[in-house]
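The values are calculated or read from the model by the stated rules, or taken from the named source; none is laboratory data. As the structure is a computational prediction, the values presented were derived from the model and not from experiment. Please note: Cβ atoms are built from the backbone with ideal geometry, for glycine as well, and neighbour counts cover all protein chains shown. Protein only, heavy atoms only, side chains kept; ligands, DNA and RNA dropped before computing areas. Shrake-Rupley method; radii C 1.70, N 1.55, O 1.52, S 1.80 Å.
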Protein chains: 2
Amino acid sequence: MRIHHVGVAVADLDAAIQLYTDLFGAELMHRASNEADGLAAAFLRAGGAEVELLSPLREDTPVGKFLAKRGPGLHHIAVAVHDIDKAMADARAAGLELIDAEPRIGLHGTRIAFIHPKSVGGVLTEFVET
Amino acid sequence: MRIHHVGVAVADLDAAIQLYTDLFGAELMHRASNEADGLAAAFLRAGGAEVELLSPLREDTPVGKFLAKRGPGLHHIAVAVHDIDKAMADARAAGLELIDAEPRIGLHGTRIAFIHPKSVGGVLTEFVET
């Protein structure tokens, strides 16, 4: 197992970037946004893993609803996998519920899929193919 | 910045260990418990970082209260620092509220201190001296 990144839901993306770079010495790698998903993100280097700061562009999005319901904070954990099709098949075979029926392209430009938090002890978990 | 570990609050420690080792291929390194803190934990290797599974021994503990209020899920993120005294002084100077006024010894046997989540965008954040 390798943690690819930890996703953090934030209300103010610029303020969050400043906090993580100034206080924790994280390196801002790049920013991205996806109008269709209503999501703006910043990717910070944090050792072998990354911190992914997530800010909704609209309220009617998954991260927008998360912020409204739970407030800012830890959102998900992403696990690097070599073969996402196999990882998803193994998860299904183990009885886990996948949110994404098929892999889709994430903000990193690689194939991703989410597992429902109820199948992973309340932790929204993402597979990232690397 | 280097993520030292991600802390996950779980209701059933053995079931959570099995999930992370079987499904994600994580390696169980060791388990520990601290009667004074009312906490049992399992440490799993996840690339350069770790997943720390946390299970309360009693309800009247920080993790016990977290489970009762929010249910199982992502609990905290820990950042590796070389000099925890300096990290705490820098955090204080930046106006952040520390939960621990002085470093204390964590379950890893190293010096740790927690920053209040309200100072880090809702993320309970731990310094771990390495």
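Per-structure values
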read-out: Hits among aspartates and glutamates - C-alpha to C-alpha of B:K86 under 18 Å, sequence gap 8 or more where chains match; value: A:D22, B:E97, B:D100, B:E102, B:E126, B:E129
read-out: Pairwise label distance in nanometres, B:E27 with A:A68, each label 7 Å out on the Cα-Cβ vector; value: 4.5
read-out: Area accessible to solvent at B:S55, 1.4 Å probe radius, in Å²; value: 10
read-out: Using a Förster distance of 35 Å, the FRET efficiency for A:D14-B:E35 (Cβ separation, nearest 0.05); value: 0.20
read-out: Antiparallel bridge percentage (DSSP; both residues within chain B; nearest 5); value: 75
read-out: Solvent-accessible area buried by pairing A with B, both sides, nearest 100 square angstrom, 1.4 angstrom probe; value: 2700
read-out: In Hz, Karplus ³J(HN,Hα) per residue of segment B:34-39 (6.51, -1.76, 1.60; θ = phi - 60°; x = Gly, Pro); value: 9, 5, 5, 7, x, 9
read-out: Per residue accessible area of the protein assembly as shown, 1.4 Å probe, in Å²; value: 45
read-out: Residue mean of other protein chain beta carbons inside 10 Å, B:84-90; value: 1
read-out: Cβ-vector label at 7 Å, B:D100, separations to other copies in nm; value: 3.7
read-out: Greater than 21 Å apart at Cα, pairs in A:K65/B:K65; B:K65/B:K118; A:K69/B:K69; A:K118/B:K118; value: A:K65/B:K65; A:K118/B:K118
read-out: For the protein assembly as shown, convex hull of alpha carbons as volume per residue, Å³; value: 117
read-out: Sparse-neighbour loop sites [trypsin sites (Lys or Arg not before Pro); segment A:26-100; at most 13 other C-beta within 10 Å; DSSP]; value: A:R58
read-out: Tilt relative to chain B, helix B:13-22 - C-alpha long axis, 0 to 90 degrees, to 10; value: 80
read-out: Positive minus negative residues near B:I3 (Lys, Arg vs Asp, Glu; Cβ under 12 Å); value: -2
read-out: Number of partner chain Cβ atoms within 10 Å, mean per residue of B:14-26; value: 4
read-out: Charge sum, other residues only, whose C-beta stays under 10 Å from A:R45's C-beta, Lys/Arg counted +1 and Asp/Glu -1; value: -1
read-out: Calculated FRET value between B:A89 and A:R45, using beta carbons and R₀ = 22 Å, to 0.05; value: 0.35
read-out: Net charge of Cβ neighbours under 13 Å - reference B:A16; Lys, Arg +1; Asp, Glu -1; value: -3
read-out: Chain A - Rg (one decimal) and Dmax (whole number), Cα, Å; value: 14.4, 44
read-out: Relative contact order (%) - chain A, alpha-carbon pairs under 8 angstrom, separation at least six; value: 24
read-out: Those GluC sites (Glu not before Pro) in segment A:31-61 that DSSP places in a loop and that have at most 14 other beta carbons within 10 Å; value: A:E35, A:E59
read-out: About the Cα centre, charge dipole magnitude for segment B:3-129 (Lys/Arg +1, Asp/Glu -1 at Cβ), debye; value: 280
